[in-house]
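Structure first, then comments.
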Amino acid sequence: MTLLRIAAILLAHLVLIHSSALPQWRAVGNVTAVAPLPQGVEVSAGQARLRVEALSPSVVRVRYAPDGVLPAEHSFAVVAATGFKSPAVSVKNSTTAVEFSTSNFVVRILKSPLRIAFLDSKGQVILQDDPDHPPAWNGTEFRVWKSMPGDEHYFGLGDKAGPIDHRDQAFTMWNTDAFGWREGADPLYKSVPFVMGMRSGKAWGLFLDNTFRSSFDFGKASRDYFSFGADDGPLDYYFFHGPQPKKVLEQYTALTGRMPLPPLFALGYQQSRYSYFPEARVRAVAQEFRRRKIPADVIYLDLDYQDGARPFTINRSLFPNFEGMVADLKAQGFKLVVITDLHLKKEPGYKPYDEGLAGDHFVKNPDGSVYVGQVWPGDSVFPDFTREETRRWFGTLYANFVSMGIRGFWDDMNEPAVFVYPEKTMPLDTVHRVDGRKATHREIHNVYGMENARATYDGMLRLQPSLRPFVLTRAAFAGTQRYAAAWTGDNGATWSHLRLTVPTLLSLGISGMPLVGVDIGGFDGSPTPELLTRWLELGAFLPLYRNHTDTGTMDQEPWVHGPEHEAIRRRYIEARYRLLPYLYTEMEEASRTGVPLMRPMFLEFPDEASLLTTDDEFMFGDDLLVAPKLKETLDPYEVKLPPGQWYDYWSGERLEGGKSLKVNPPLDVLPVYVRGGAIVPHQPLVQSTDESPRGPLQLRVYPGPNCRGSLYQDDGKTFAYTRGEFLRMSLTCQAAPHSLRVQIGALQGDYKPWWSTVQVQIVGATNAPQEVFAEGKKTSEWQYDAASKTISVTMQAARQGGEVLIIE
Ligand code: MIG
């Protein structure tokens, strides 16, 4: 080796690339060798290597090995890296760059110094390493800097409780029990190192597959670049080419998995508190919902049902006939979800402890002894959920509850939370035994909660393979949507937390988690009557509709603030149940595509620059726009209606889009608008999802351009839908001067729905029709309601579909 070459290598290893802030960063230097691969390319820079491979025409994986050795393949998040159809690529090598392209975009690796850029097929840069800051290491720590165009905005990252647009802010990924959190608190309970960038209507995505503490900085350190990095572990990331934001989400969730179709009851109203006890109180709450005719599906049992804070036990003095209570509630159409914390009391004679010890299932100290931490039961031990064998064992602990008919479990405290301060979790050198290798808590911390939820989900499935499990988790990592719904932890009974509900849940949706909710009414403290009413109105249009509060707060059931508030709240809960066919259809879509039910405006309207960072209104599915009152002040506020035609959901009034409305909704109004051209399925009112609606399926038609809708139904409980027991129907409408035609497509699938007639409801009709035809025959089965400007036509449902023609 020549002296010059040695000097060059030394220099490459010693380049100080970020001298102003952190002089110890070292980049890998210049490319010294290029090796084409069938799906990409591997380049060397001295002893370092970079491998870039296309997983699909829209996804590439980027892996660095600073010491030349790519880490063994292991990912908690990724389920489908091999499920993609990898395209073959041809690599072009020049003196300055190595390049390959898929049918959708171009990957260019610049040689000196080693940097990567993603370009569209026209050669425009989508995302690139900052020219002055190639990726660099500092010991085990690494950081990547990307150029940050002034008009680019950033979304995702999990439960970030501030604006959905992360520009100008910095974030940490470290699951934290954050009781008392407020706006901007970071980190919270979940870590999803996935970000979506949006610029000029075009989206890209980036997922850092690394479970260690990581961080993202979108312009705090500099306005010229954004950056991300982790304390340790692999620099292994995926780039997703959109350019549609929905497509980025589809690709990201193809990689990390999607939410399985939830049971229908999960979309019903859910009542919780810390805690309902004794047994008589639980029964009384259930009774009260039925007596007052406030629809509801789920009641939660929090810690106090347990004996001595020990998970999987029952306090028999408070719940003498627990089994009978579960059965009686079931008969009233209620599902019970019970909390099952993961920390197990260290107490010989307590079955989960004895079994877990005998099976060697607990997390260890570095010296090999079992780690013991303080949580609710006092001295507690922690199952090592990273082991398949341990997850299987933990899953068996649910057998009793499942056989009683309990349909859901609530995984709390799984960051994991431990009562030590300020760490709030187990020591970082605690040892996990991931199948086949040891890992410290530094690596496992962020996935511990996900693996806990996985144990619960898989356990339920094994115990009762025909029923869809429902698991609610607090902690999460990328991919947790495969196992659980999630809520945002301990919020508070303040207007600020009502306001944060919207952006926080939107961020979770962009992070691949569609089945999410907040404690409606706030966990910490008791809401004023108005605040609870507004929150319950909004809740009717959130993915999960769950009211929950802390121990020691005032009662928070819908009826506690007198008849006026109760009547409003009941009306919104009823509206939720009437809308279930739409909600369930949208949820089924989310389970197939990863596109969440609750969507930021930019997801539906990527080309509307003025809506890009909007997070005080949102889309609920394809067609509903929800614009809640989120401030305590008395002032009117603006609702931005995207271009096109819109309808007021409650009055049917027609509105012109492309401008803002000033609204000042009274206590009993949550502004909701429907996109012109939507057909939104509804059902008659029920008191729970257990009850079959009686009457016709209602198809509300909001005439407008590109008029369409769809319906998906199945039994809402089992996996029979995977064997053809579902129903799918597509809907369209065409307006012509003086007529409107509504077409119901042929029904697909074998599921027999509860309805045998269909009522087509045309919204926004200013006059009664001249004539109405159903299936080409003139019919008199119609009504016109002048007050709501609605024409309703009832007809028999037929497998081959049908048609209604209205002559105005
Ligand atoms: O330290 O189980 O976020 O929803 O009610 C409190 C009692 C422990 C925290 C959860 C909350 C739950 C509470 N838990």
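Taking a ≥ b ≥ c as the square roots of the eigenvalues of the Cα gyration tensor, region 623-778 is classed as oblate, since a/c reaches at least 1.5 and a/b does not exceed b/c.
Our coupling estimate for region 549-556, obtained by passing each phi through the Karplus curve with A = 6.51, B = -1.76, C = 1.60 and θ = phi - 60°, is 8, 6, 5, x, 8, 5, 4, 9 Hz, Gly and Pro reported as x. Centre-to-centre, using Cα atoms only, region 228-263 and region 686-723 are separated by 30 Å. Derived from the Cα gyration tensor, the three semi-axes of the equivalent ellipsoid of region 408-503 are 24, 22, 10 Å, largest first. Restricting the trypsin sites (Lys or Arg not before Pro) of region 342-440 to loop positions (DSSP other than H, G, I, E, B) with no more than 13 neighbouring Cβ atoms within 10 Å leaves Arg437, Lys438. The phi-based Karplus calculation (6.51 cos²θ - 1.76 cosθ + 1.60; θ = phi - 60°) puts the 3J(HN,Hα) values of region 532-538 at 5, 4, 4, 5, 5, 5, 4 Hz, whole numbers, x for Gly and Pro. Ordered by 1.4 Å accessible area with all protein chains kept, Arg223, Arg63 run largest first as Arg223, Arg63. So, in Å, what gap is there between the alpha-carbon centers of region 374-412 and region 742-786? Using only Cα atoms, the two centres lie 50 Å from each other. Each residue of region 91-106 was assigned a 3J(HN,Hα) from its phi angle through the Karplus curve 6.51 cos²θ - 1.76 cosθ + 1.60 (θ = phi - 60°); the sequence is 9, 9, 10, 10, 5, 9, 8, 10, 8, 9, 10, 9, 5, 9, 7, 10 Hz, with glycine and proline shown as x. Globularity index of the chain is 0.99 (Cα radius of gyration / 2.2 N^0.38 Å, N = number of residues).
Local charge for Lys640 was computed over the other residues whose Cβ lies under 12 Å away, with Lys and Arg +1 and Asp and Glu -1, and equals -3. Between amide H atoms placed 1.01 Å from N, distances below 5 Å from Asn138 occur with Arg26, all of them 5 or more places distant or on a separate chain.
Both numbers refer to the Cα atoms of region 512-597; Rg and Dmax are 14.3, 43 Å.
Each Lys or Arg adds one and each Asp or Glu takes one away; over the other residues whose Cβ falls under 15 Å from the Cβ of Leu110, this sums to +1. When the alpha carbon gyration tensor of region 455-536 is reduced to an equivalent ellipsoid, its three semi-axes come out at 29, 14, 10 angstrom, largest first. Between the amide H of Leu114 and those of Gly29, Asn30, Val31, distances stay under 5 Å, these residues lying 5 or more places away or on another chain, with hydrogens modeled in the peptide plane.
Here region 193-327 was treated as a single set of alpha-carbon atoms; its pair distances binned every 5 Å from 0 give 2, 8, 12, 11, 11, 8, 7, 9, 11, 11, 8, 3, 0 percent. A Stokes-Einstein calculation at 37 °C with viscosity 0.692 mPa s, built on the Kirkwood radius of region 602-643 over Cα pairs, returns a diffusion coefficient of 289 µm²/s. Find the relative contact order for the chain and round it to a whole percent, using C-alpha pairs within less than 8 Å whose residues are 6+ positions apart. About 9 percent, as a whole number. Report summary: the helix-based calculation at 222 nm, which adds -39500 (n - 2.57) for every DSSP H run with n ≥ 4 and divides by the residues of the chain, gives -6000 deg cm²/dmol.
Per the 1.4 Å probe, what fraction of the accessible area of region 546-636, in percent, lies on carbon and sulfur atoms? Here it works out to 49 percent.
Note on region 252-361: Cα-only Rg and Dmax are 17.1, 51 Å.
If the viscosity is 0.890 mPa s and the temperature 25 °C, what translational diffusion coefficient in µm²/s does Stokes-Einstein give for region 644-694 when Rh comes from Kirkwood over Cα pairs? D = 183 µm²/s. Annotation for Leu467 and Gln24: the two label points, set 7 Å from Cα along the Cα-Cβ direction, are 5.4 nm apart. Give the shape of region 377-461 as rounded, prolate or oblate, defined through the alpha-carbon gyration tensor: a ≥ b ≥ c are the square roots of its eigenvalues, a/c under 1.5 means rounded, and otherwise the shape is prolate if a/b is larger than b/c and oblate if not. Cα axes put region 377-461 in the oblate bin. Using the Cβ of Gly308 as centre and a radius below 14 Å, the other residues enclosed give a net charge of 0, where K and R count +1 and D and E count -1.
Taking a straight line from the alpha carbon of Lys345, these lysines sit under 29 Å away, with near neighbours fewer than eight places off in the same chain left out: Lys190, Lys335, Lys364, Lys424, Lys438. Largest first, the extents of the alpha carbon coordinates of region 709-808 on the three principal axes equal 46, 27, 21 Å.
Starting from the Cα gyration tensor of region 343-392, take the square roots of the eigenvalues, sort them a ≥ b ≥ c, and report rounded, prolate or oblate (rounded when a/c is under 1.5, otherwise prolate if a/b is larger than b/c, else oblate). Taking the square roots of the gyration eigenvalues as a ≥ b ≥ c, region 343-392 is oblate. What distance in nm separates the simple spin-label points at Lys330 and Ala88, each placed 7 Å from Cα in the Cβ direction? Modelled inter-label distance: 5.7 nm. The alpha carbon centroids of region 416-476 and region 643-671 are separated by 44 Å. Summing Cβ point charges (Lys, Arg +1; Asp, Glu -1) relative to the Cα centre of the chain gives a dipole of roughly 1480 debye. Hey, what angle do you get for helix 580-593 against the long axis of the chain, alpha-carbon based, 0 to 90 degrees rounded to 10? That works out to roughly 20 degrees. Residue ranking by accessible heavy-atom surface, 1.4 Å probe, largest first, among Tyr64, Tyr784 comes out as Tyr784, Tyr64. If R₀ is 45 angstrom, what is the calculated FRET efficiency for the pair Glu423 and Trp754, using the beta carbon separation as r and rounding to 0.05? For R0 = 45 Å, the calculated efficiency reads 0.30.
Taking amide H positions as modeled 1.01 Å from N, with prolines and chain starts lacking one, the residues under 5 Å from Cys733 and 5 or more places away or on another chain are Cys707, Arg708, Gln743.
Using a 1.4 angstrom probe on heavy atoms only, work out the carbon and sulfur share of the accessible area of region 313-436 in %. That share works out to 54 percent.
Checking the cross-link pairs Lys246/Lys629; Lys717/Lys752; Lys330/Lys717; Lys146/Lys220 against a 20 Å limit on the alpha carbon distance flags Lys246/Lys629 as lying beyond it.
Phe385 sits with roughly 0 Å² accessible to a 1.4 Å probe, with DNA, RNA and ligands left out of the calculation.
Paramagnetic label reach from Glu771 (point 7 Å along Cα→Cβ; backbone nitrogen cut-off under 16 Å): within region 789-808, residues 804-808.
The values are calculated or read from the model by the stated rules, or taken from the named source; none is laboratory data. Keep in mind it's a predicted model, so treat the numbers as computed, not measured. Here the Cβ is made from the backbone with ideal geometry for all residues, glycine too, and neighbour counts use every protein chain on show. Protein only, heavy atoms only, side chains kept; ligands, DNA and RNA dropped before computing areas. Shrake-Rupley method; radii C 1.70, N 1.55, O 1.52, S 1.80 Å.
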